[in-house]
Amino acid sequence: MKLGSSIVAGDSGEVRVDVIRGICEQAAQLHRDGHSPVLVTSGAIALGMRLMELPVRPSGMDELQGASAVGQGKLYRVYDELLAENAVPSAQVLLTFFDMSARTHYLNARQTLRRLLEWRVLPVINENDTTATDEISFGDNDFLAAQVAILLGADLLVLLTDTDGLHTADPRLDSSATLIPEVRDFADIEQLQIGVSSSPLGSGGMRSKVLAAEMATAAGIPAAIANGTRPRSIAGLVRGEAVGTRFPARESRVSSFKLWLKYAKPSHGRLLVDGGAERALRERGTSLLPVGVVGVEGSFHAGDAVEVASQGDGPIGKGIVNYSADELRRIKGLKTPEVRALLSRASEEAVHRDYFVLD
């Protein structure tokens, strides 16, 4: 269950204790019924902003990290106390994208969370905003929640907000907007005006929730967007009732990393490739070698995400690049021995197939 900033904090940043209490009570009931609920929360930055009397959400990374550091512990204490009132022990878990993308960190995070669940401890998870950077940030906790759901093989991902679900338009602005009870094909909602956050405290919005649902369902996990302020909404979802907007799991599955790469990590440039490289990427699932690169656009570093396109500007996919833009401009079109003669730390691949996803 993911609680957005609009659920956790009011417009001025004050913690919505009554709302969180209702969700913790439902989580506690699920716990007593033998389920293993996990909470992913936003709101640390919002609470920090209130405590530091910041009028608007900061844009600088250092300010965001500072606000998170102020609010993080105090926010968890609210969860800990409310869950304790229901005789449910809890644990604070802070994660970064690096914990999900590096294999050993990923396995350690999964083992720790599984151990907590075996001990019947309810994890309360947040992104470690105080150490995350632009390059290794989930960008929004909706994506973090989807990644945690995938990591644990959850039965259901519930994205809680302050509206009843996905609508045909923003119900705050359009009185004719109607609730969409179920989405089986994400192409059906591409034309909807699904906005980003309208809250001064949050960084997400309905668009990030839809993308998180798409990530989860592609991994075989059903998802739902529901109103966390309504009593028993979570219990209703677990019972299969018509609550919010449901997203059934899809049969074909994609790895969690590639889903994150496709939907969440921003691109910092573009590589143009020749026809042979395009066919190899599309048809054989191979890595992209420098010899297949014919053009380099933008400014990026090794480890950044870049778009990969054909010479006709047709998109092919997206991947994590092993070279900076300047390095690739020097070695594009060269074979591996020639690359190694120019660069001492040369990698055989410009983009490895394990870090590439087709559009």
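A few remarks follow.
- Residue ID - surrounded by the fewest Cβ atoms within 10 Å (Cβ to Cβ), chosen from residues in the range 49-73 that are assigned to a helix (DSSP H, G or I) and in contact with a Leu (Cβ under 6 Å, 6 or more places away or on another chain): Val70
- Tally of residues being within 27 Å of Ser233 (Cβ to Cβ) and part of a helix (DSSP H, G or I) across the range 17-48: 20
- Residues in the range 255-267 that are more than 25 Å from Ala226 (Cα to Cα) and either of a type in the set (Ser, Thr, Tyr) or surrounded by fewer than 18 Cβ atoms within 10 Å (Cβ to Cβ) (or both): 3 in all.
- Only one of the numbered conditions (1) of a type in the set (A, V, I, L, M, F, W, C); (2) assigned to a loop (DSSP other than H, G, I, E, B); (3) surrounded by fewer than 18 Cβ atoms within 10 Å (Cβ to Cβ) is violated by Val294, and that is (2).
Taken together, the values in this text are just the output of simple stated rules run on the coordinates, not laboratory data. Since we're looking at a predicted model, the values are computed, not measured. Neighbour counts run over all protein chains shown; Cβ positions are idealised from the backbone, glycine included.
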